[in-house]
Amino acid sequence: MLTESMIPIIQQAIKHQERTAIIDQTGQYSYRQLLDAAVAVAQGLLEGRTDLEGRADLDEARITFLVPSGFEYVAVQWGIWLAGGIAVPLCTSHPLPEQLYVISDSDAACVVIYAQFDERGAALSEQSGKPIRRTTDLLATEVSNSFSLPELPLTRRAMILYTSGTTSKPKGVVTTHQNITAQITSLVEAWNWQADDHILHVLPLHHTHGIVNKLCCAMWSGAICEMLPKFEVTRVWERFINSNLTLFMAVPTIYGRLIAAWEQASPDEQATMSDACQKMRLMVSGSAALPAQFFERWADISGHRLLERYGMTELGMAISNLYEGERRVGHIGQALPGVTVRLVDEANQPITEDGQQGQIQVKGDNVFLEYWGKPEITAEAFLDGWFCTGDIAVLNDGYYRILGRSSVDIIKTGGYKVSALEIEEVLRTHPAIKECAVVGTPDLDWGERVSVAVALKSDETLSLDTLRAWGKERLASYKNPSRLLVVEALPCNVMGKVTKPAVKELFQE
């Protein structure tokens, strides 16, 4: 039933059937158990057909699923793939309207629901008109001896992930099995994944970071993926201490919370926590810019110089600091294996000299196929086969450094182009500032004014005059913020990434 002609990640899993694949809140599962469960899900979805593709009542096989992090999530994802379908994960923490948007935009055939989400499933079904399939029913499917799985070309669409929607309504990013395979194999090579690896997974499973970098790379390698339903700082430190972990990957916000918990611990506890980190071979940060102070502090605590990398939903990962070699603070590194990267100026001409800023463009099998149902927007995203990321960077001695988004983090003020990320890096060193986000706000005289929203440390206060006096010693005058807004917390998405449009709205209010 499962043969060497299956999609590559299934071929890899077949090699490791007796090894442990998943550890979650319900137990420990082998690759054999995972494959058996995925086959049951596939037969349950196929209902006697040979391939989900082209089945009229499944509307071209787009299957949304609302399943928490764990064994059942992977079984459903793989079951959809084995049946020839397109997996469309829903974020379990999103409100009902956002989940309905994904179901509607993808025009999904059905929604696969985890058993404990029955109430939400009923609401999704009622408001979307889509049928509900329960994971318990699919996993209980009795697999027939005569059941066979379709042979799928690598060019078959495999997954639709929705962008965070920071600059517009979320778009469905379509990747093929070939794209996913290229994304996985690039990282497995670059980060030296092995079968004896054991990674702790605490990120949402509707983004590339959680799905490809952590889950798929582990499953490809025959490694163990230990999955927690959500990030809890005490629980993560406990697993660091009591598990034989070899890898950890997270967003900067998580590292900030781990640092804060370490600093609040007793000296004996700190020593135990630090020793636990040093047992691991790799720690990675991504999905947002890593503050230099986090990099340095985490190195002091853990002995790890965090490996920062660069990617996006449309690419998987494209650039990374070196696994063996220099990890340069404030830089995202070099092009990954199998990925071609260049910088272009505003005339779309390649930049060949160090220190000149330009937009990152990317080519490779890792690059996505299309935006779902948006052919014109898809065409606009490419130039002569290069995907235009919209991210602005400079190249210094072979290492890329992100300056920001061309539309979000680059502020044009008084004729200058200013990087919001650069200013944030400086402002985070202010003794009163806990978190900050810099944006450009409209101004008749300057075009845009450098504006900052800050969340302050406990019992601290800050005025604009005080901030500007402090910033005068550290920033060029045109970079020094001229507007200040103090907030309890900055608006973030589920990945812990600050949503700049929401910050701009705070200033409008």
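We did not get these values from a lab; they are worked out from the coordinates using the rules stated. The model shown is predicted, which means the values in this text are computed figures rather than measured ones. Here the Cβ positions follow ideal geometry from the backbone for every residue, glycine too, while neighbour counts run over all protein chains shown.
Observations on the structure shown:
- The long axis of helix 292-302 is offset from the longest Cα principal axis of the chain by roughly 60 degrees.
- Figure legend: label point modelled 7 angstrom from the Cα of Ser243 along Cα→Cβ; residues of the stretch 3-23 with amide N under 19 Å from it are 19-23.
- If R0 is 51 Å, the Cβ-Cβ spacing of Leu464 and Asp384 corresponds to a FRET efficiency of close to 0.65.
- Nearest 10 degrees, 0 to 90: helix 118-128 Cα axis against the chain principal axis: 80 degrees
- A cut-off of 5 Å between modelled amide H atoms, ignoring neighbours fewer than 5 places along the same chain, links Gly390 with Ile360.
- Using alpha-carbon coordinates, inclination of helix 233-242 to the longest axis of the chain, degrees: 70 degrees
- Helix-only mean residue ellipticity at 222 nm for the chain, each DSSP H run of n ≥ 4 adding -39500 (n - 2.57), per residue, nearest 500: -9000 deg cm²/dmol
- Beta bridge orientation in the stretch 8-152: antiparallel %, DSSP, nearest 5: 25 percent
- Euclidean distance of C-alpha centroids, the stretch 273-301 and the stretch 312-387, integer Å: 25 Å
- In the stretch 337-414, the GluC sites (Glu not before Pro) that fall in loop regions by DSSP, at most 12 other Cβ within 10 Å: Glu346, Glu353
- Label-point separation in nm, Thr50 to Glu18, each point 7 Å along Cα→Cβ: 3.6 nm
- Order of Cys277, Cys492, Cys217 - criterion: other Cβ atoms within 10 Å of each residue's Cβ, fewest first: Cys492, Cys277, Cys217
- Taking 12 Å as the cut-off, the amide N atoms of the stretch 446-466 that come nearer than this to a point 7 Å along the Cα-to-beta-carbon line of Val487 belong to 452-456.
- Taking semi-axes √(5λ) of the Cα gyration tensor in Å as calculated from this structure, the corresponding entry among (1) 42, 27, 21; (2) 52, 23, 18; (3) 39, 26, 23 is (3).
- In this simple spin-label model, placing a label point 7 Å from the Cα along the Cα-to-Cβ direction at both Lys279 and Glu151 gives a separation of 4.6 nm.
- Evaluated over the stretch 360-484, the count of Lys pairs having alpha-carbon atoms less than 22 Å apart is 9 (only pairs 8 or more residues apart or interchain).
- Comparing Leu161, Ala250, Leu66 along the charge dipole axis of the chain, the residue lying farthest to the positive side is Ala250, per the Cβ-charge model.
- Put in line by how crowded their Cβ is, counting other Cβ atoms within 10 Å and starting with the fewest, Ile301, Ile199 read Ile301, Ile199.
- Summing Cβ point charges (Lys, Arg +1; Asp, Glu -1) relative to the Cα centre of the stretch 8-152 gives a dipole of roughly 360 debye.
- Relative contact order [Cα under 8 Å, 6+ residues apart], the stretch 8-152, whole percent: 25 percent
- Longest DSSP-loop-exposure-free segment, trypsin sites (Lys or Arg not before Pro), the chain, at most 16 other Cβ within 10 Å: 50-229
- Efficiency of FRET from Cβ geometry, Glu189 and Thr352, R₀ 30 Å, rounded to 0.05: 0.65
- Spin-label model, Arg32/Asp397: points 7 Å from Cα along the beta carbon direction are separated by 5.3 nm.
- Charge context of Cys91, other residues only, Cβ under 13 angstrom, K/R +1, D/E -1: +1
- From phi via Karplus (6.51, -1.76, 1.60), per-residue ³J(HN,Hα) for the stretch 195-207 in Hz, x at Gly/Pro: 5, 8, 6, 9, 10, 9, 10, 10, 9, x, 10, 10, 10
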